[in-house]
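The values are calculated or read from the model by the stated rules, or taken from the named source; none is laboratory data. Every value quoted in this text rests on a predicted model; they were computed, and no experiment measured them. Glycine gets a Cβ as well: all are built from the backbone with ideal geometry, and neighbour counts include every protein chain shown. Surface areas here come from the heavy atoms of the whole protein model, side chains and all, with no ligands, DNA or RNA. Shrake-Rupley method; radii C 1.70, N 1.55, O 1.52, S 1.80 Å.
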Amino acid sequence: MSSKRWLFPLLPVAAIAITAVLFPQLTQRIIYGPSVGAGIAAELGCSGVFVMGRDPQDVLAQDLVPTDPLLAHVTLTVDLPHQSVSAKLLFGLMTRTSLYRPGVGCTLLNKIDEAALHGQLAGLKPMLPAERPAPWPEGDAVDLTQTQAGVDRAALDAAVAGAFAETALGGKIDTRAIIVAYKGQIIAERYAPGYSKDTRLLGWSMSKSVTSALVGTLVADGKLALDQPPPVPALRQAKDGRETITLKQLLRMRSGLAFEETYGPGDDSTAMLFGEDDMAAYAASRKLTHVPGRAWSYSSGTANILAHLVFDAAGGDLVHNYDYARAHLFEPAGMTSAVFEPDGTGSFVGSSYLYMTARDWARFGELYLDGGVINGHRLLTPEWVGFSQTGAGLIDEPGGYGAQFWLNDNGDKPPRLRWPHVPQDTYMALGHNDEIVAIVPSRQLVFVRLGWTTGGARFDADRNISSVLASIHDAG
């Protein structure tokens, strides 16, 4: 009788242990799922309301539920006086909150509190978008009635309409904006209902490419060196091989650091994005799984290490970090809608959280198309632009990877192209929901697509970009 009383309380513990062994993914979802789910809802809900200017129920229906059916059960609460959004799951037992700060965007509250985050803002002068009468990209004037020589307007309009009409079985395409720029001029621009030229749209992993550009300005100024280990204390002080990781290896995703980029509850990607105040420190603490430089492995953690290099070089606080990015990239490029959200330290979430208008994403593509020059300003060296679009092999699939950009050509002979129907020199910034800034140097073209593709569907970049290119005959 006594032994049974001792045994009974141990049964739930035993059941959990057996479940963890037999069904590890299910166990992770049970343990971490509600916290991650509420964190996703709070962060995207906050940014959707305060950065994008959308209705919270629209964000819930159009963004959150398609991302994970669990989020159909979330309750979003917008606190306008405090400028925050809370998300509740499990009948309110799990609550996460994200705080909005003007000019900075939203930051998920983990261990850090509101007072500490507000304290980081002392001296910040938010960057404000302004209407500029000059033609794009210097200004905001876009005239789609003036068709360049060689452009088949009817065919171009049909290609853009086809991209918006694209559907998929078992998933959701949801294209929200498309821009086509040819020879430095926007020749096609279209938005889904509810979105416009003034709507900031999330780039997800296209943020990595912008982070790379900021690193490029530091390399040009001699503050960082590609072939040297960067000044990351957690790496430099390690005695297990991490101290040998170079900046070039970080940029090309060849650091050798362990990082799970699978976005399941409890994986590195979700643990970092929705549970850490210092995302770079989390990523730098991962152990080596390969000798640095020997293997390629995609990692959002790597991008946040790179973003923290910019943070430290700029002065090591939020205000100096934003001032640096404004002065060296966003304002001279005309990308004044940019809201690059930070983690709890004030460092940009360089892997994921940059919001800009579609026109500003196109400006970023134009900067690279024109070899690092835009609006008369040289922001990147030609060498950096060339390095960004040059791979180092090691990817066992069609296409290659440069410095935080995806390449069409993987360097094999003959080449295996990631997008076989577009030019070989095409390279792209790509995001999680099929956000695209495609740069096609040989055709003087930038293609931007922003949306929210979910459920296993894919936006067909190869087909849609090739359709656009087919409408342009490259006259003079």
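Some values worked out for this structure:
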| read-out | value |
| --- | --- |
| The stretch 62-115: number of residues that are aromatic (Phe, Trp, Tyr) and closer than 23 Å to Gly264 by Cα | 1 |
| Residues (part of a loop (DSSP other than H, G, I, E, B) and open to solvent by 30 Å² or more (accessible area, probe 1.4 Å)) located in the stretch 172-182 | Asp174 |
| Every residue from the stretch 263-298 that is open to solvent by 20 Å² or more (accessible area, probe 1.4 Å) and of a type in the set (Val, Ile, Thr) | Thr289, Val291 |
| Filter result (open to solvent by less than 20 Å² (accessible area, probe 1.4 Å) and either in contact with a helix residue (DSSP H, G or I) (Cβ under 7 Å, 6 or more places away or on another chain) or under 28 Å from Asp221 (Cβ atoms) (or both)) within the stretch 378-399 | Leu380, Trp384, Val385, Ser388 |
| Whichever residue in the stretch 238-262 is at pLDDT 95 or above and among the polar types (S, T, N, Q) and, among such residues, is most open to solvent (accessible area, probe 1.4 Å) | Thr244 |
| Subset tally (residues that are surrounded by 14 or more Cβ atoms within 10 Å (Cβ to Cβ) and farther than 20 Å from His377 by Cα) for the stretch 117-146 | 6 |
| Positions within the stretch 313-334 being part of a helix (DSSP H, G or I), of a type outside the set (Ser, Thr, Tyr) and buried (at least 20 other Cβ atoms within 10 Å of the Cβ), in sequence order | Ala313, Ala314, Leu318, Asn321, Ala325, His328, Leu329, Phe330, Ala333 |
| Lone unmet requirement of (1) more than 24 Å from the chain's Cα centre (by Cα); (2) closer than 24 Å to Tyr324 by Cα; (3) crowded, with 17+ Cβ neighbours inside 10 Å for Ser209 | (1) |
| Some residue of the stretch 431-447 being hydroxyl-bearing (Ser, Thr, Tyr) and crowded, with 17+ Cβ neighbours inside 10 Å | no |
| Any hit, the stretch 137-155, residues being touching a residue at least 60 places away in the same chain (Cβ under 8 Å), among the acidic types (Asp, Glu) and more than 21 Å from Thr357 (Cα to Cα) | yes |
| In the stretch 98-115, the residues that are touching a residue at least 12 places away in the same chain (Cβ under 8 Å), open to solvent by 40 Å² or more (accessible area, probe 1.4 Å) and either over 22 Å from Gly53 (Cα atoms) or assigned to a loop (DSSP other than H, G, I, E, B) (or both) | Pro102, Asn110, Lys111 |
| Odd one out for Asp157 among (1) of a type outside the set (A, V, I, L, M); (2) assigned to a loop (DSSP other than H, G, I, E, B); (3) open to solvent by 40 Å² or more (accessible area, probe 1.4 Å) | (2) |
| The stretch 308-336 residues that are free of Cβ contacts under 8 Å to residues at least 12 places away in the same chain and within 18 Å of Val373 (Cβ to Cβ), paired with ones that are surrounded by fewer than 23 Cβ atoms within 10 Å (Cβ to Cβ) and of a type outside the set (Lys, Arg) (beta carbon under 6 Å, 6 or more apart) | none |
| Pairs where the first residue, in the stretch 80-96, is among the hydroxyl-bearing types (Ser, Thr, Tyr) and the second is crowded, with 17+ Cβ neighbours inside 10 Å, C-beta under 6 Å, 6+ apart | Ser84/Thr97; Ser84/Leu99; Ser86/Thr97; Thr95/Ser86; Thr95/Lys88 |
| Selected residue [over 30 Å from Ala325 (Cα atoms), modelled with pLDDT of 95 or more and not in a strand (DSSP E or B)] from Ala87, Ala61, Ala15, Ala42 | Ala61 |
| Checking Gly365 against (1) open to solvent by less than 10 Å² (accessible area, probe 1.4 Å); (2) small (Gly, Ala, Ser); (3) in a loop (DSSP other than H, G, I, E, B), the condition it does not meet | (3) |
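For (1) in a helix (DSSP H, G or I); (2) touching a Leu at 6+ places or on another chain (Cβ under 8 Å); (3) of a type outside the set (S, T, N, Q), each residue gets a yes or a no:
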position	(1), (2), (3)
Phe259	no, no, yes
Gly264	no, no, yes
Ala271	yes, no, yes
Phe274	yes, yes, yes
Asp277	no, no, yes
Tyr282	yes, no, yes
Arg286	no, yes, yes
Pro292	no, no, yes
Ala295	no, yes, yes
